[in-house]
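Beneath this line is the structure, given in C-alpha coordinates, with notes to follow.
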Amino acid sequence: MTSGTLYGVGVGPGDVELMTLKAARLLREVDLIAYPRANGEESFARLIAAPLLDRKIPELPFTIAMRKPAAVLSASYDAAAARLAEHLRAAKNVAVLCEGDPFFYGSFIHVYDRLADRFPTVVVPGVTSLTACAASLRRPLAAGSGIFKVVPATVGETRLRHEIDGAETLAIIKVGVHFDRVRRLLSELRLIDRAAIVERSTLSDERVTPLSEAPPGPRTYFSTVLVYKGEGPPQ
Ligand SMILES: C[S@@+](CC[C@H](N)C(=O)[O-])C[C@H]1O[C@@H](n2cnc3c(N)ncnc32)[C@H](O)[C@@H]1O
(Lines give C-alpha, C1' and ligand atoms only; values in the text may rest on other atoms or scores of the structure.)
Protein backbone atom coordinates (compact mmCIF):
# COMPACT_ATOMS: atom_id res chain seq x y z
CA MET A 1 0.00 0.00 0.00
CA THR A 2 1.29 3.52 -0.79
CA SER A 3 1.80 5.59 2.31
CA GLY A 4 0.09 8.90 3.01
CA THR A 5 1.75 12.29 2.70
CA LEU A 6 2.98 14.31 5.64
CA TYR A 7 2.25 18.04 5.34
CA GLY A 8 3.97 20.56 7.60
CA VAL A 9 1.46 23.38 7.48
CA GLY A 10 2.48 26.89 8.53
CA VAL A 11 -0.55 28.60 10.03
CA GLY A 12 0.97 32.07 10.38
CA PRO A 13 1.49 34.26 13.45
CA GLY A 14 -2.04 34.45 14.86
CA ASP A 15 -4.64 36.14 12.66
CA VAL A 16 -6.42 33.39 10.74
CA GLU A 17 -6.63 35.68 7.70
CA LEU A 18 -2.85 35.40 7.43
CA MET A 19 -3.07 31.69 6.66
CA THR A 20 -2.28 30.83 3.06
CA LEU A 21 -4.88 29.53 0.62
CA LYS A 22 -2.81 26.36 0.35
CA ALA A 23 -2.91 25.80 4.11
CA ALA A 24 -6.67 26.40 4.16
CA ARG A 25 -7.23 23.92 1.31
CA LEU A 26 -5.12 21.23 2.90
CA LEU A 27 -7.01 21.55 6.18
CA ARG A 28 -10.17 20.63 4.25
CA GLU A 29 -8.56 17.79 2.28
CA VAL A 30 -6.33 15.79 4.64
CA ASP A 31 -7.43 12.71 6.60
CA LEU A 32 -5.94 13.79 9.92
CA ILE A 33 -4.92 17.08 11.54
CA ALA A 34 -2.13 16.82 14.11
CA TYR A 35 -0.60 19.50 16.31
CA PRO A 36 1.84 19.78 19.20
CA ARG A 37 0.75 20.69 22.70
CA ALA A 38 3.60 22.00 24.86
CA ASN A 39 3.42 20.00 28.10
CA GLY A 40 -0.19 19.12 27.24
CA GLU A 41 -1.32 22.78 27.15
CA GLU A 42 -3.65 24.12 24.47
CA SER A 43 -2.01 24.23 21.04
CA PHE A 44 -1.43 27.77 19.76
CA ALA A 45 -1.23 26.48 16.18
CA ARG A 46 -4.64 24.82 16.52
CA LEU A 47 -6.10 27.94 18.10
CA ILE A 48 -4.96 29.97 15.08
CA ALA A 49 -6.40 27.50 12.56
CA ALA A 50 -9.57 26.75 14.55
CA PRO A 51 -11.97 28.85 12.42
CA LEU A 52 -10.95 26.82 9.36
CA LEU A 53 -11.08 23.34 10.90
CA ASP A 54 -13.69 20.90 9.67
CA ARG A 55 -15.09 19.03 12.69
CA LYS A 56 -15.47 15.91 10.55
CA ILE A 57 -11.70 15.55 10.12
CA PRO A 58 -10.13 13.70 13.06
CA GLU A 59 -7.48 15.46 15.12
CA LEU A 60 -4.36 14.13 16.78
CA PRO A 61 -2.83 16.33 19.49
CA PHE A 62 0.61 15.20 20.60
CA THR A 63 2.31 16.33 23.77
CA ILE A 64 5.79 17.83 23.56
CA ALA A 65 7.90 18.09 26.71
CA MET A 66 8.96 21.74 26.32
CA ARG A 67 11.41 23.26 28.81
CA LYS A 68 12.44 19.74 29.89
CA PRO A 69 15.92 18.15 29.57
CA ALA A 70 16.94 17.59 25.92
CA ALA A 71 16.60 13.79 26.18
CA VAL A 72 13.02 14.07 27.51
CA LEU A 73 12.10 16.58 24.80
CA SER A 74 13.60 14.36 22.12
CA ALA A 75 11.75 11.29 23.45
CA SER A 76 8.46 13.18 23.25
CA TYR A 77 9.12 13.96 19.57
CA ASP A 78 10.05 10.29 18.98
CA ALA A 79 6.71 9.25 20.47
CA ALA A 80 4.84 11.83 18.35
CA ALA A 81 6.64 10.69 15.19
CA ALA A 82 5.78 7.05 15.94
CA ARG A 83 2.07 7.91 16.23
CA LEU A 84 2.13 9.97 13.03
CA ALA A 85 4.00 7.17 11.21
CA GLU A 86 1.19 4.71 12.04
CA HIS A 87 -1.31 6.92 10.22
CA LEU A 88 1.02 7.60 7.29
CA ARG A 89 1.62 3.85 6.89
CA ALA A 90 -2.16 3.39 6.78
CA ALA A 91 -2.21 5.71 3.71
CA LYS A 92 -3.63 8.68 5.62
CA ASN A 93 -2.59 12.17 4.57
CA VAL A 94 -1.61 14.04 7.71
CA ALA A 95 -1.30 17.81 8.24
CA VAL A 96 0.88 18.85 11.16
CA LEU A 97 0.02 22.41 12.16
CA CYS A 98 2.90 24.72 12.95
CA GLU A 99 2.68 28.28 14.20
CA GLY A 100 4.24 30.82 11.80
CA ASP A 101 6.46 29.11 9.23
CA PRO A 102 7.39 25.44 9.76
CA PHE A 103 11.04 25.87 8.81
CA PHE A 104 11.65 28.99 10.87
CA TYR A 105 12.34 27.67 14.40
CA GLY A 106 9.17 25.62 13.92
CA SER A 107 8.26 22.59 16.03
CA PHE A 108 7.61 20.80 12.73
CA ILE A 109 11.38 20.61 12.10
CA HIS A 110 11.63 17.88 14.76
CA VAL A 111 8.83 15.91 13.12
CA TYR A 112 10.37 16.43 9.68
CA ASP A 113 13.76 15.15 10.91
CA ARG A 114 12.14 11.94 12.11
CA LEU A 115 9.78 11.18 9.21
CA ALA A 116 10.75 12.94 5.96
CA ASP A 117 13.15 10.21 4.85
CA ARG A 118 10.42 7.56 5.19
CA PHE A 119 7.26 9.28 3.92
CA PRO A 120 6.42 11.76 1.15
CA THR A 121 6.60 15.15 2.84
CA VAL A 122 5.49 18.61 1.79
CA VAL A 123 6.34 21.77 3.70
CA VAL A 124 3.78 24.55 3.36
CA PRO A 125 5.39 27.89 4.23
CA GLY A 126 3.54 30.30 6.48
CA VAL A 127 3.73 33.99 7.34
CA THR A 128 6.41 34.16 10.00
CA SER A 129 5.99 36.08 13.25
CA LEU A 130 9.02 38.21 12.35
CA THR A 131 7.34 39.93 9.43
CA ALA A 132 4.13 40.13 11.44
CA CYS A 133 5.98 41.89 14.30
CA ALA A 134 7.58 44.37 11.87
CA ALA A 135 4.13 45.15 10.45
CA SER A 136 2.73 45.57 13.99
CA LEU A 137 5.58 47.95 14.82
CA ARG A 138 5.23 49.63 11.44
CA ARG A 139 8.95 49.50 10.88
CA PRO A 140 10.70 47.42 8.18
CA LEU A 141 13.12 44.70 9.23
CA ALA A 142 15.65 45.50 6.53
CA ALA A 143 15.99 47.59 3.39
CA GLY A 144 18.66 48.11 0.73
CA SER A 145 21.91 46.54 1.91
CA GLY A 146 20.79 46.42 5.53
CA ILE A 147 21.54 43.29 7.55
CA PHE A 148 18.99 41.71 9.81
CA LYS A 149 19.72 39.09 12.45
CA VAL A 150 17.61 36.75 14.59
CA VAL A 151 18.73 35.58 18.04
CA PRO A 152 16.78 33.39 20.47
CA ALA A 153 16.92 34.77 24.03
CA THR A 154 17.65 31.21 25.14
CA VAL A 155 21.28 31.34 23.91
CA GLY A 156 22.58 32.65 27.22
CA GLU A 157 23.77 36.08 28.25
CA THR A 158 27.34 36.07 26.88
CA ARG A 159 26.29 34.90 23.44
CA LEU A 160 23.32 37.27 23.40
CA ARG A 161 25.56 40.23 24.23
CA HIS A 162 28.01 39.20 21.51
CA GLU A 163 25.25 38.83 18.89
CA ILE A 164 23.68 42.17 19.81
CA ASP A 165 27.11 43.83 19.56
CA GLY A 166 27.62 42.65 15.99
CA ALA A 167 24.12 43.39 14.70
CA GLU A 168 22.53 46.28 12.80
CA THR A 169 18.90 45.32 13.25
CA LEU A 170 17.87 42.28 15.19
CA ALA A 171 14.92 40.31 16.46
CA ILE A 172 15.23 38.59 19.81
CA ILE A 173 12.76 35.72 19.84
CA LYS A 174 11.67 33.35 22.66
CA VAL A 175 11.73 36.33 25.01
CA GLY A 176 9.05 35.05 27.45
CA VAL A 177 10.64 34.35 30.85
CA HIS A 178 13.94 35.92 29.72
CA PHE A 179 12.43 39.37 29.28
CA ASP A 180 14.06 41.07 32.29
CA ARG A 181 17.50 39.79 31.29
CA VAL A 182 17.02 41.00 27.69
CA ARG A 183 15.80 44.39 28.90
CA ARG A 184 18.73 44.81 31.30
CA LEU A 185 21.23 43.83 28.62
CA LEU A 186 19.81 46.30 26.10
CA SER A 187 19.82 48.96 28.79
CA GLU A 188 23.50 48.27 29.59
CA LEU A 189 24.29 48.47 25.87
CA ARG A 190 22.42 51.80 25.67
CA LEU A 191 19.96 50.34 23.18
CA ILE A 192 16.84 50.48 25.30
CA ASP A 193 15.56 53.52 23.39
CA ARG A 194 16.07 51.67 20.12
CA ALA A 195 14.00 48.62 20.95
CA ALA A 196 10.36 47.61 21.26
CA ILE A 197 8.54 44.49 22.38
CA VAL A 198 5.74 43.05 20.26
CA GLU A 199 3.45 40.64 22.10
CA ARG A 200 0.92 38.35 20.37
CA SER A 201 1.34 40.11 17.05
CA THR A 202 -1.75 40.10 14.78
CA LEU A 203 -4.04 38.76 17.53
CA SER A 204 -6.86 40.87 18.95
CA ASP A 205 -4.85 41.45 22.16
CA GLU A 206 -1.61 42.38 20.35
CA ARG A 207 0.61 44.80 22.28
CA VAL A 208 3.46 46.93 20.96
CA THR A 209 5.50 48.76 23.60
CA PRO A 210 8.74 50.75 23.42
CA LEU A 211 11.18 48.81 25.61
CA SER A 212 11.83 51.85 27.80
CA GLU A 213 8.12 51.84 28.74
CA ALA A 214 7.71 48.08 29.18
CA PRO A 215 7.30 47.08 32.82
CA PRO A 216 9.51 44.24 34.13
CA GLY A 217 8.29 40.68 34.52
CA PRO A 218 7.91 37.62 32.33
CA ARG A 219 6.07 37.94 29.05
CA THR A 220 4.00 35.55 27.02
CA TYR A 221 6.11 33.10 25.02
CA PHE A 222 4.71 34.82 21.90
CA SER A 223 6.79 37.96 22.38
CA THR A 224 9.56 39.34 20.23
CA VAL A 225 11.93 42.23 20.88
CA LEU A 226 13.02 44.20 17.81
CA VAL A 227 16.17 46.28 18.10
CA TYR A 228 17.14 48.95 15.57
CA LYS A 229 20.56 50.51 15.83
CA GLY A 230 19.99 52.71 12.79
CA GLU A 231 18.51 56.19 12.71
CA GLY A 232 15.36 56.99 14.68
CA PRO A 233 13.73 55.15 17.56
CA PRO A 234 11.14 52.46 16.88
CA GLN A 235 7.72 54.18 16.62
C1 LIG B 1 9.66 28.59 18.35
S2 LIG B 1 9.59 30.19 17.62
C3 LIG B 1 8.49 29.82 16.31
C4 LIG B 1 8.51 30.82 15.20
C5 LIG B 1 7.48 30.52 14.12
N6 LIG B 1 7.72 29.26 13.48
C7 LIG B 1 7.45 31.65 13.09
O8 LIG B 1 7.66 31.41 11.89
O9 LIG B 1 7.17 32.79 13.48
C10 LIG B 1 8.55 31.02 18.76
C11 LIG B 1 8.90 32.48 18.89
O12 LIG B 1 8.40 33.22 17.79
C13 LIG B 1 7.97 34.50 18.24
N14 LIG B 1 6.52 34.61 17.99
C15 LIG B 1 5.70 33.68 17.51
N16 LIG B 1 4.46 34.17 17.34
C17 LIG B 1 4.49 35.46 17.73
C18 LIG B 1 3.52 36.50 17.77
N19 LIG B 1 2.27 36.29 17.35
N20 LIG B 1 3.91 37.72 18.24
C21 LIG B 1 5.19 37.93 18.64
N22 LIG B 1 6.15 36.99 18.60
C23 LIG B 1 5.81 35.76 18.15
C24 LIG B 1 8.23 34.58 19.74
O25 LIG B 1 9.48 35.19 19.93
C26 LIG B 1 8.25 33.12 20.11
O27 LIG B 1 8.99 32.89 21.29
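For this structure, a couple of remarks:
- Scanning the stretch 10-18 for residues that are at positive phi and outside any loop (DSSP other than H, G, I, E, B) turns up at least one hit.
- Selection status of Thr131, more than 14 Å from the ligand (Cβ to nearest atom) and among the hydroxyl-bearing types (Ser, Thr, Tyr): no
- Of all residues in the stretch 148-171 being of a type in the set (A, V, I, L, M) and surrounded by fewer than 17 Cβ atoms within 10 Å (Cβ to Cβ), the one that is farthest from the ligand (Cβ to nearest atom): Val155
- Among residues of the stretch 197-218 that are at positive phi and in contact (Cβ under 8 Å) with a residue 60 or more places away in the chain, those with a Cβ under 9 angstrom from a residue that is among the small types (Gly, Ala, Ser) and more than 7 Å from the ligand (Cβ to nearest atom), sequence gap 6+ or separate chain, pair up as Thr202/Gly12; Thr202/Ala135; Thr202/Ser136.
- Some residue of the stretch 148-159 being more than 26 Å from Glu41 (Cα to Cα) and in contact with a helix residue (DSSP H, G or I) (Cβ under 6 Å, 6 or more places away or on another chain): no
- The stretch 67-169 holds strands (runs of 3 or more DSSP E) entirely within its bounds, and those carrying 1 or more residues that are closer than 23 Å to Ala50 by Cα map to 94-98, 121-124.
- Scoring Lys174 on the criteria (1) surrounded by 14 or more Cβ atoms within 10 Å (Cβ to Cβ); (2) more than 9 Å from the ligand (Cβ to nearest atom); (3) within 22 Å of Val127 (Cα to Cα) leaves a single failure, condition (2).
- One residue stands out among those in the stretch 192-232 that are of a type in the set (A, V, I, L, M) and out of contact with any Leu (no Cβ under 8 Å at 6 or more places or on another chain): the one that is nearest to the ligand (Cβ to nearest atom), which is Leu203.
- Odd one out for Arg67, checked against (1) of a type outside the set (Asp, Glu); (2) under 16 Å from the mean Cα position of the chain (by Cα); (3) modelled with pLDDT of 95 or more; (4) on the phi > 0 side of the Ramachandran plot: (3)
- Residues considered: Leu6, Leu27. Of these, the only one that is touching a residue at least 40 places away in the same chain (Cβ under 8 Å), closer than 21 Å to Lys92 by Cα and in contact with a Phe, Trp or Tyr (Cβ under 6 Å, 6 or more places away or on another chain) is Leu6.
- The stretch 56-107: number of residues that are within 16 Å of the ligand (Cβ to nearest atom), aliphatic (A, V, I, L, M), free of Cβ contacts under 8 Å to residues at least 24 places away in the same chain and surrounded by 13 or more Cβ atoms within 10 Å (Cβ to Cβ): 1
Yes/no per residue for (1) in contact (Cβ under 8 Å) with a residue 24 or more places away in the chain; (2) farther than 30 Å from Ala81 by Cα:
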residue	(1), (2)
Ala116	yes, no
Thr128	yes, no
Ser145	no, yes
Gly156	no, no
Arg159	no, yes
His162	no, yes
Val175	yes, no
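The values are calculated or read from the model by the stated rules, or taken from the named source; none is laboratory data. Since the model is a prediction, treat every value here as computed from it, not as a measurement. Heads up, the Cβs are rebuilt from the backbone with ideal geometry, glycines too, and the neighbour counts pull from every protein chain shown.
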